[in-house]
Structure formats: structure tokens, C-alpha cells
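**Student:** A single structure is presented below for examination.
Every number here is computed from the coordinates shown, using simple stated rules; none is lab data. In this text, all values refer to a predicted model and were calculated from it rather than measured experimentally. A quick note on method: Cβ atoms are made from the backbone with ideal geometry, for glycine too, and the neighbour counts reach across all protein chains shown.
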Amino acid sequence: MSSSEEIFEKVQETLVDALGVDDEDVTPEATLVGDLGAESIDFLDIVFRLEKNFDVKIPRGELFPENLAAADAGFVDDGKITEKGLSELRVRMPHANVDKLAEAPQVENLQDLFTVEFIVKFVENKLNQ
């Protein structure tokens, strides 16, 4: 079992390699898209590298759930994530800070859930299963 600090260091190394950023840029609160410049294709690479570095299997959509902004499912209304959508996020992403998103539930703020700390918590949960 790895400590949170050890997991953070490995996640930091993973993101430095995947995104070509500096170590000091990969802080717990850094967002993958806004702060570290990740693009959609990078998310696949990050999952692949995490699987390799932590010797875990991450099924598609488990770390970065898909269709979170699906209007037809009632998760979004007029560009805002509904209570139903926030509830679904809490179920699908128990390691994310959904309460913070609930303060400003615009769809464009969804990407702010994906922080370095989010990945560290996900990996911790994965390793503890």
C-alpha cells in the first residue's frame, strides 16, 4: 500500500511525462485542462500511463466518465448541470469535489473537477479495492 504522498509523486511524474509540464506545475489543486493544458487525447494517455505506473486496470470511462453533460438524460438544462446531474456525478466520481462544482454548476466548469488531487484520490481508491 502506498502513502498519499507516494501516490501524489507517481501521479505527478505521470502527468509530467504525459503533458510535458514541469514538476512544480503539478500541484494538488492544478486542473488538467486549465492549468496543465491537457486536451481530450491526453486523457487516454494519462489513463494508459496510470495503469502502467500503478499496475491497475482502469476501464474506459471510469476515471474520466463520458456523457456527463447529456441533456437527454436530464443532467443539463440551459447550460447548467441539474441536481440530477450533480447526483449522478457524485455517484460516478466519488473522488471528485462535486460540492465545489455545485456552487457554479455551468457545464463549462465540469473540466475543473479534473484536478491532480482528483487523480490521486482515484488511484488511492483503486489501490485500496
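**Student:** What ranking of Asp78, Asp35 emerges when the number of other C-beta atoms within 10 Å of each C-beta is taken as an exposure proxy, fewest first?
**Tutor:** Final ranking by Cβ density, sparse to dense: Asp78, Asp35.
**Student:** How large is ³J(HN,Hα), in whole Hz, for each residue of region 86-102 in order, when computed from phi with the Karplus curve 6.51 cos²θ - 1.76 cosθ + 1.60 and θ = phi - 60°, using x for Gly and Pro?
**Tutor:** 5, 4, 5, 4, 4, 6, 6, 10, x, 8, 9, 8, 5, 4, 5, 4, 4
**Student:** Please list 87-95, 22-30 highest first by mean number of surrounding beta-carbon atoms within 10 Å per residue.
**Tutor:** On the way: 87-95: 15.6, 22-30: 13.7.
Final packing ranking: 87-95, 22-30.
**Student:** If you rank Lys100, Lys10, Lys121 by fewest surrounding Cβ atoms within 10 Å, what's the result? Walk me through the numbers on the way to the answer.
**Tutor:** Numbers: Lys100 12, Lys10 17, Lys121 20.
By the 10 Å Cβ count, ascending, the order reads Lys100, Lys10, Lys121.
**Student:** Could I ask something else about it? Greater than 32 Å separation of Cα atoms is the criterion. Which listed pairs, Lys100/Lys126; Lys52/Lys84; Lys80/Lys126; Lys10/Lys80, meet it?
**Tutor:** Values: Lys100/Lys126 23 Å; Lys52/Lys84 35 Å; Lys80/Lys126 30 Å; Lys10/Lys80 35 Å.
Violating the 32 Å limit, Cα to Cα: Lys52/Lys84; Lys10/Lys80.
**Student:** When Arg60, Arg49 are ordered from fewest to most other Cβ atoms inside 10 Å of their Cβ, what list results?
**Tutor:** Arg60, Arg49
**Student:** Scan around Thr82 for amide H atoms under 5 Å from its own, H built in the peptide plane at 1.01 Å from N, and keep only partners 5 or more places away or cross-chain.
**Tutor:** Correct list: Val76, Asp77.
**Student:** Right, here's the next one. What are the ³J(HN,Hα) couplings of region 13-27, residue after residue, when phi is run through the Karplus curve with 6.51, -1.76, 1.60 and θ = phi - 60°? Round to Hz, x for glycine and proline.
**Tutor:** Once rounded to whole Hz, the list reads 4, 4, 6, 4, 5, 6, 10, x, 9, 7, 3, 5, 7, 8, 9.
**Student:** Between Val33 and residues 5 or more places away or on another chain, which pairs have amide H atoms under 5 Å apart, with H built 1.01 Å from N, and which residues are they?
**Tutor:** HN-HN under 5 Å from Val33: Ala38.
**Student:** Then there is this: Treating only the Cβ of Lys, Arg, Asp and Glu as charged (+1, +1, -1, -1), what charge dipole size does the chain show about its Cα centre? Round to the nearest 20 debye.
**Tutor:** Working: 12 positive and 29 negative charges, 139 e Å.
Rounded to the nearest 20 debye, it is 660 debye.
**Student:** Then there's this: For Leu44 and Ala102, what is the calculated FRET efficiency with R₀ set at 35 Å and r taken between the beta-carbons, to the nearest 0.05? Intermediate results must be reported in sequence, preceding the final value.
**Tutor:** Working: r = 28 Å, r/R0 = 0.80.
The pair Leu44/Ala102 has a calculated efficiency of 0.80.
**Student:** Further question: For the chain, what is the calculated [θ] at 222 nm in deg cm²/dmol (nearest 500), taking -39500 (n - 2.57) for each run of four or more DSSP H residues and dividing by its residue count? Working shown, then result.
**Tutor:** Numbers: 5 runs with 60 residues, N = 129.
Rounded to the nearest 500, the figure is -14500 deg cm²/dmol.
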